[in-house]
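The values are calculated or read from the model by the stated rules, or taken from the named source; none is laboratory data. All values reported here derive from a predicted model rather than from experimental measurement. Glycine gets a Cβ as well: all are built from the backbone with ideal geometry, and neighbour counts include every protein chain shown.
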């Protein structure tokens, strides 16, 4: 793919106010154009990789800010092109004024992800590494960041390329058989090629098996706290969040809408939603909140269904117990500090496997609840050095490749060699889409348009 050799620029730091704001410029004219807007305090010839202190001006010499200038010479830069960075003060007005001065020199605003896209096209990183940059920026837990760092260091790419090498070795043997049908081909031999094929299917299945947990670390668990009014939903949210995010009173209907709070439990990112108590209500706003709670529960990965053990089950409690899925629900029996009227056995008899008891008032039983959440989503079967698949695009490519290889293995003795070769080549190409060894313009556009402007 050819891309335009024009010079691009964008703010590389988050929007808002801060001590430092960075503008990145990349392209064949970056160094020359950047130097036009910077006056160093000491007149020196710029050397790559060194920071220089001075004044930033517009093209007419009007002072904009004072800060640092750095130049990364091609190809030893992130994009593989000449890159210049202006380290200014992090105010919106300063950064926008500086950008306008850069655009006045003919530089254009970078598209979302265009810096990373150029890094890929110039061979500085592969596609899996490029995607890991976005994952690292958006990581909401230490484990998510760890997986993203691992991918950026090339661990996933190395695993994929190792499989592709094995697949191409089998393909080479098959194609040799096609080209020389009368020759006696001993090496690696048909049996050895078949064994290699089975080994790679096993490796692919191992990678696929990590996806559910990898996806949880990357995307988080949509978690809904459900219950009838005044059972302790908001109290539990505040405990899990580690701060008072929801108003807690003994007045039913205090929570009238959905309150969403991001929390991390045992390394698992939870998008925690406290909902309006499920009941019949004449309040228009509360009715809307209750309906939102029901819809959110249908889409949730995890439901924490709160019951008050100090009172008999209400009609609302019974309705929730009937309608909530047993697969992704944890029934939380709250108010164990009071004499119990219902117990875990009664709930288990209704088909619920995940039940725990807490006292939100006294903050007792919270660790046991966290254990239940962890056990529901984390299998514990993966070692710390496991290469996780966390990206759906990667997972789908693995599924496609594994399916094709299984098809080849199942028909190894029956199908003509040219048909086996066709499936092998398609599997090899599907795996290449993960690292970018095989790509299309549409694939790149779909990936990089999700990036932020400065990356």
Could you please let me know if residue 330 is part of a helix (DSSP H, G or I), in the same structural domain as residue 310 (by TED's automatic domain parsing), in contact with a helix residue (DSSP H, G or I) (Cβ under 8 Å, 6 or more places away or on another chain) and surrounded by 14 or more Cβ atoms within 10 Å (Cβ to Cβ)?
-> no
So, of the residues in region 372-386 that are touching a residue at least 60 places away in the same chain (Cβ under 8 Å) and part of a helix (DSSP H, G or I), which turns out to be surrounded by the most Cβ atoms within 10 Å (Cβ to Cβ)?
-> 373
Does any residue of region 110-130 turn out to be free of Cβ contacts under 8 Å to residues at least 60 places away in the same chain and in a helix (DSSP H, G or I)?
-> yes
Filter result (crowded, with 16+ Cβ neighbours inside 10 Å and outside any loop (DSSP other than H, G, I, E, B)) within region 360-371 = 366, 369
In region 42-71, what residues are over 26 Å from residue 92 (Cβ atoms) and in contact with a strand residue (DSSP E or B) (Cβ under 9 Å, 6 or more places away or on another chain)?
-> 42, 44, 46, 47, 48, 49, 50
Would you mind telling me which numbered condition in (1) modelled with pLDDT of 90 or more; (2) surrounded by fewer than 17 Cβ atoms within 10 Å (Cβ to Cβ); (3) outside the structural domain of residue 421 (by TED's automatic domain parsing) residue 199 fails?
-> (3)
Filtering region 140-172 down to residues that are surrounded by fewer than 20 Cβ atoms within 10 Å (Cβ to Cβ) and outside any helix (DSSP H, G or I) yields 140, 153, 154
Those residues of region 334-343 which are at pLDDT 90 or above and in a loop (DSSP other than H, G, I, E, B) amount to 335, 336, 337, 338, 339, 340, 341, 342
For residue 340, indicate whether it is out of contact with any helix residue (DSSP H, G or I) (no Cβ under 6 Å at 6 or more places or on another chain), without any contact (Cβ under 8 Å) to a residue 60 or more places away in the chain, surrounded by fewer than 13 Cβ atoms within 10 Å (Cβ to Cβ) and over 14 Å from residue 240 (Cα atoms).
-> no
Does any residue of region 441-455 turn out to be touching a strand residue (DSSP E or B) at 6+ places or on another chain (Cβ under 8 Å), modelled with pLDDT under 95, assigned to a loop (DSSP other than H, G, I, E, B) and surrounded by 14 or more Cβ atoms within 10 Å (Cβ to Cβ)?
-> yes
Of the residues 357, 346, which is surrounded by 13 or more Cβ atoms within 10 Å (Cβ to Cβ) and modelled with pLDDT under 95?
-> 346
